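K.L.:
Handing you this structure, nothing more for now.
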Amino acid sequence: MKEGLAINLIYHFGHDVDSEFPDLAGRYRILYFFSEAGPVSFESQEATYVKLFNRPATHPVTFTSLDDLKEFAMGVCQLVKAPEVFVLSVQDYNVGVEAARDVRAFREIYRRYGLNLSNPDIINRGPGLFGKFFGNNRKP
Amino acid sequence: MLDISLTPSEVKETESIFPGENWFCYWRTSAALWESKLAALSKAGGPLFVPLYWGFHSENAETFDFGEQKPEADLARLNRAIQNSGHEAVWLLPLTPSPFQPNGGLPSFIARNPALDVHGMTQSFLDSDGSVHKMHSFYDPRVYQAFRKWVWQLGQVLSAKDISVPVRGMRGYWVGPQTAHSYLEDHSPAFLAGFTRFLKQQKLPVRLSDEGHEVPNLPVSEEKIQSARYRKLIADLYTQTASESLTTHWTGEQDYGFLGGAPQDIFPRSSDLWSHQSELMQDLWTQQDWSLLPSSVLIPTRVKRGVIGKFLKDHLTPSFVRASLQQQVAEEGEAGNFAPLVFFDVFWDEDLAMDAPAALESLGLLGHMQRDYHGCWRWRGRFDFIRETDDDNNNRLKFFFGTQMDRTRFQQVLRLFLNGQKVVLDRSGLEPVLEKKLQLFMVENELVPQDINFLTKITMIRLGEGMLLLHDGTKLKDQALPKKIAFWEHVTKYMQLRHLVVRGEEPLFYTWKTRATGTFELKYDEIRRLSIYNPTPHRMKCQVQGSKQFAFLKVVDPMQAQAKSTPMGVDIEVMAGGWLSLDFGHFEG
């Protein structure tokens, strides 16, 4: 997994009408978890799940609460050293895609319609030597 | 063929108008430019395909535009431009949502219900020019009513303006791992409303969901079967409506597989950093297995420059496309043409296609075919047997399954055997009445079955050229995989199939083709061509294992690849992004 790229997670909440997935009723299921460079590996997801919840992960990974899912998303974000993770429900995605006319607008869906969780390990790290000279986050 | 003297913006425009495989998207350029654009297009690429864009001709429910408002909607002028350019054209009428047209092809006034995938996500697709197209449900009754009007108007215009063109219904598909999916697969509320109405008509149970909507109240497996039936009913309705309105122009239907057209493909395809060449290549194989005519219109030219482009060029030859249109098995045209080498036809109801790979996997048949006959078998989703009238198709081994048999299909299977075809029937799940019919058939035709016990009871019956092999799949399922594969190896050996074995590190991307021998090759019975492609970023190594019945003849068209003949066979090395082909002479006997 390429470091330094934001990651995106799209999840589905299982309603009782989802007869295709009767076992997932009332659960949050990860549908897509990826960065611009490709999918987040299942190994990274599994390692994070075991570390956080102390039990083996199912494939696909599911959660009983949205808070657990967010905690998991942040855990993976830290593991793969991504600066941030955008968490979207299927409904968020659908609203975003409805408005997207081209690929540029599509790429913005995650940032515009997703819940943004920043990786504290990277945000608190501060700028490096290069960033001190050339970074934009100077104090006024 | 693109003219290399064009400027980058002209190239971009040409790519948009001709996005691949000789498709002409007439609405993407000015009508004044049609003739010059068509004149610049080479005729060597085979027939010109003109997909019709419903939404472009219908801006509201009442009026249609066939050139009265927009010159680009003038189909008579379009026909003249095509005729003047000297191209032979086939017009394509989408019978499913189309991933390369805005709103999936629907006019915006009825694009109200987005088509949803199984997780409820809007089905959206990235076009070659970076546009995002969203599909809308064909299950909305208003869409069907509007479609009926559209095809009726189209038929009227073609007749009134004396536009005599062949129109072919285009059924669009996308492929996932091992399976093909129609763009009519939809889980939107519009689908659900229609489906529950259908269930109620069948007197099958529905219930109210927590949200107060009517939903099916059936076991999951039964719901799957019923929803497949409903989907087929609606698909047939659209096809029938179109064929009846365009009677004199209608030339049947064609199944297209859109490369990069799976709903989930939008994620890798919208990224510049996500390499997905191997996935696209894998999709081409799956399209081939499902007998879909590949269309790369969604893929930008820059992606098609390398291995993907080479594969498309090698396989979508004009003669292959023509043969597909005529639903022939062999390619027509001058002698010396290579046609795909196919040993097996696997018949499985297309509406239950998603279950097919797992079912075959459990029998060990899928593993056997993928390992030893990679790319040399086809799923047949329709039991239409149109292709069986073609004499060249007699050698294909045909697999049928008892669970898929009804009285009509069973009769057809027995007729195939009587007509000299080689048939393998898994009799598990066969209805008792059909079992009885089978016994009666053997007595009536004085057939003498030979029984063998090998993992399961095998019954073999011969009649002239025809061969019928019966086995019980339930007993096979319980066996270990190597044993199951050994079972199929014996079956194919008994059927006298001869093929070269290719072994190497996965994933291996290769195809086999065959052609008749020429004047200077008479010592062989046929020439087989193995083409190997490497879309991965790594070096690929493999070996074609030697066989007494094959002679290695030559290496063809190598690109960053080499082959070396050894006492064990032929060792092949293909660098990242490379390809090569090898010709082998085959001796019978």
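K.L.:
Among the trypsin sites (Lys or Arg not before Pro) within region B:499-535, which fall in a DSSP loop and have no more than 10 other Cβ atoms within 10 Å of their own Cβ?
P.N.:
Passing both the DSSP loop test and the Cβ count: B:523.
K.L.:
For chain B, what relative contact order do you get, as a whole percent, if you take Cα pairs closer than 8 Å and at least 6 residues apart?
P.N.:
10 percent
K.L.:
Shifting gears a bit: With each label point set 7 Å from Cα along the Cα-Cβ vector, what nm distance links residue B:33 and residue B:411?
P.N.:
Each label point is offset 7 Å from its Cα along the Cβ direction, giving 5.6 nm.
K.L.:
Just grab the label-to-label distance for residue A:116 and residue B:207, each label 7 Å out from Cα along the Cβ direction, in nm (one decimal).
P.N.:
Going by the 7 Å Cα→Cβ label model, 4.4 nm.
K.L.:
Could you work out how much longer the chain between residue B:129 and residue B:541 gets when fully extended? Use 0.36 nm per residue separation minus the Cα distance between them, nm to one decimal.
P.N.:
Difference between extended and current length: 144.7 nm.
K.L.:
Is there a quick way to get the dipole size of region B:114-163? I mean about its Cα centre, with the Cβ of Lys and Arg at +1 and of Asp and Glu at -1; what is the value in debye to the nearest 20?
P.N.:
So the dipole magnitude of region B:114-163 works out to roughly 300 debye.
K.L.:
Just name one of B:420, B:485, B:202: the one whose Cα is farthest towards the positive end of the charge dipole of chain B (beta-carbon charges, Lys/Arg +1, Asp/Glu -1).
P.N.:
Highest projection toward the positive end goes to B:485.
K.L.:
Kindly state, to the nearest 0.05, the FRET efficiency for residue B:60 paired with residue B:457, given R0 = 45 Å and r defined as their beta-carbon distance.
P.N.:
The pair residue B:60/residue B:457 has a calculated efficiency of 0.10.
K.L.:
Then there's this: With every protein chain present, what is the per residue accessible area of the protein assembly as shown (1.4 Å probe, Å²)?
P.N.:
It amounts to 46 Å² per residue over the protein assembly as shown.
K.L.:
OK, next. So what is the calculated 222 nm ellipticity per residue for chain B, using -39500 (n - 2.57) for each DSSP H run with n of 4 or more, over all residues, to the nearest 500 deg cm²/dmol?
P.N.:
Estimated from H runs of four or more residues: -9500 deg cm²/dmol.
K.L.:
Now for a separate question. Using Cα pairs closer than 8 Å and at least 6 residues apart in sequence, work out the relative contact order for region B:57-106, in percent.
P.N.:
Dividing the mean separation by the residue count of region B:57-106 yields 15 percent.
K.L.:
Is the shape of region B:479-589 rounded, prolate or oblate, going by the alpha carbon gyration tensor and its root eigenvalues a ≥ b ≥ c, with a/c under 1.5 for rounded and a/b larger than b/c for prolate?
P.N.:
Oblate is the answer for region B:479-589, as a/c is 1.5 or above yet b/c matches or exceeds a/b.
K.L.:
Once you place label points 7 Å from the Cα toward the Cβ at residue B:523 and residue B:439, how far apart are they in nm?
P.N.:
5.6 nm
K.L.:
Answer rounded, prolate or oblate for chain B, using the Cα gyration tensor with square roots of eigenvalues a ≥ b ≥ c: rounded when a/c is under 1.5, else prolate when a/b is larger than b/c, else oblate.
P.N.:
Oblate, since a/c reaches 1.5 and b/c is not below a/b.
K.L.:
Could you pull out the GluC sites (Glu not before Pro) across region B:203-272 that fall in loop regions by DSSP (anything but H, G, I, E, B) with no more than 11 other Cβ atoms inside 10 Å?
P.N.:
Of the GluC sites (Glu not before Pro), the ones in loops of region B:203-272 whose Cβ has at most 11 other Cβ atoms within 10 Å are B:211.
K.L.:
Once you order the gyration tensor axes a ≥ b ≥ c over the Cα atoms, which shape class does the protein assembly as shown get: rounded for a/c under 1.5, otherwise prolate or oblate by comparing a/b with b/c?
P.N.:
rounded
K.L.:
Could you pull out the pairs from B:43/B:232; B:200/B:398; B:70/B:134; B:232/B:457; B:398/B:523 whose alpha carbons sit more than 26 Å apart here?
P.N.:
Long pairs (Cα-Cα over 26 Å): B:43/B:232; B:200/B:398; B:232/B:457; B:398/B:523.
K.L.:
Once you keep just the Cα pairs under 8 angstrom separated by 6 or more residues, what percentage relative contact order results for region B:456-589?
P.N.:
So the answer I get is 22 percent.
The values are calculated or read from the model by the stated rules, or taken from the named source; none is laboratory data. Given the structure is predicted, the values throughout are model-derived calculations rather than measurements. Because the Cβ atoms are built from the backbone with ideal geometry, glycine has one as well, and the counts that use them run over all protein chains shown. All accessible areas refer to the heavy atoms of the entire protein, side chains included, with ligands and DNA or RNA removed. Shrake-Rupley method; radii C 1.70, N 1.55, O 1.52, S 1.80 Å.
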